[in-house]
1. Among ALA135, ALA184, ALA48, whose mean-square fluctuation peaks in a Gaussian network model of the chain (Cα, cutoff 10 Å)?
2. Hey, fewest Cβ within 10 Å first, where do CYS66, CYS220 land in order?
3. Above 24 angstrom, tally the Cα pairs of the chain and express them as a % of all pairs, no decimals.
4. Can you sort ILE165, ILE29, ILE41 by how many other beta carbons sit within 10 Å, fewest first?
5. For labels at ALA109 and GLU154 in the simple 7 Å Cα→Cβ model, what's the distance in nm?
6. Where is the GNM fluctuation largest for the chain (alpha-carbon springs, 10 angstrom cutoff): PRO125, PRO70, PRO152?
7. What pairs in LYS57/LYS80; LYS23/LYS78; LYS78/LYS188; LYS57/LYS160; LYS23/LYS203 have C-alpha atoms more than 27 Å from each other?
8. Mind giving me the FRET efficiency for ALA91 and VAL132? R0 is 25 Å, r the Cβ-Cβ distance, nearest 0.05 is fine.
Amino acid sequence: MTAGDVSLNDPDEYVIRTVGLNKIFGGAIAYHALHDIDLAIRPGEMVALMGASGSGKSTLMNILGCLDRPTSGSYFLKGKPVGDYSDNALAEIRNGELGFVFQSFNLLARVSALQNVELPMLYSPISRRERVARATATLTRLGLGDRLRNGPSELSGGQKQRVAIARAIVNEPTILFADEPTGALDTKTSYEIMQIFQALNDKGITVVVVTHEPDIASYCKRLLRMQDGRLVADEPVAQVRLDT
C-alpha cells in the first residue's frame, strides 16, 4: 500500500489511515512540520518510520498515537475518524488500545518494576490482585521474573526498556508505537529489544518503530521514509534482521 493509493473511499481494512495530514506549529513564524501525509497501515504490520532529525517522524507518530492533533487532514484509527473524539475519549484509547515505548524509558524512579507495569491498569476496573498477576506475567514473559521488586536504579538500560515494553503491552494494545526505542542502548541490547518487538508482531500486534538507524529499521517489514515533513518513500524491507 503506497501513500499515493490512499483515499477517503478506501474500505476500513486499515488500523491506521491518514489523508492529507498537515501539522503547522504556530508562533512568530509558523513551522509546517507535516505536509499532506497519506498513509495506510494494515493490522499486523511492522513498520519503520525513518528519517533524519527534524524530518517530521516524531511529529507524525505523536498524531498517530493520539498524543497530538493535526492542523488539517483526516486520521482514521481502526476505521473511525479521530477528529470526532473528545480529549477524554482519546485518553481512554491511548490507555486501552495503544501502547507506547520511548527512548528515555519514562519509568517512575521511586517504585518497583512491578508497580511501573501496573500503572496503566490503575484506570481499569480490575482488582489489585488481577493487576499484580497481569503485571507479573508480562514481566516474566519478557525475562524479568526475577526483577519484579527492583527499582529502575537497580536495572540495566536493557532491563529498563523491557519494563517499559511490559508497561506498554500489559493492557493488550492492538498497536504499539516505539519512538527511538534503542537510542539509549548499546548495539547488542538494541537488537535484543527489536527481537522482542518482532515477537510481539508475530502475535498480531501492529508495531510502528520511529528510528533514524538503518540496522534498527531492518527488523521491520516495511519502511516509510520522511524528509522535510513529507513522506518520500514507502517500500518493503528487503531483509528482516534476525541475528544478534
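Just so you know, all these numbers are worked out from the coordinates, no wet-lab data involved. These figures come from a predicted structure and were not determined experimentally. FYI the Cβ positions are ideal-geometry reconstructions off the backbone, even for glycines, and counts take in every protein chain you see.
1. So, out of ALA135, ALA184, ALA48, the one fluctuating most is ALA184.
2. Values: CYS66 21, CYS220 26.
Listed from fewest to most nearby Cβ atoms, that is CYS66, CYS220.
3. Details: 13602 of 29646 pairs.
Cα-Cα pairs in the chain separated by more than 24 Å: 46 percent.
4. On the way: ILE165 26, ILE29 6, ILE41 21.
The order, fewest Cβ neighbours first, is ILE29, ILE41, ILE165.
5. 1.7 nm
6. Top of the fluctuation ranking is PRO125.
7. Numbers: LYS57/LYS80 23 Å; LYS23/LYS78 21 Å; LYS78/LYS188 35 Å; LYS57/LYS160 24 Å; LYS23/LYS203 33 Å.
Result: LYS78/LYS188; LYS23/LYS203 exceed 27 Å.
8. Values: r = 24 Å, r/R0 = 0.95.
Step by step, r from the Cβ atoms, then E = 0.55.
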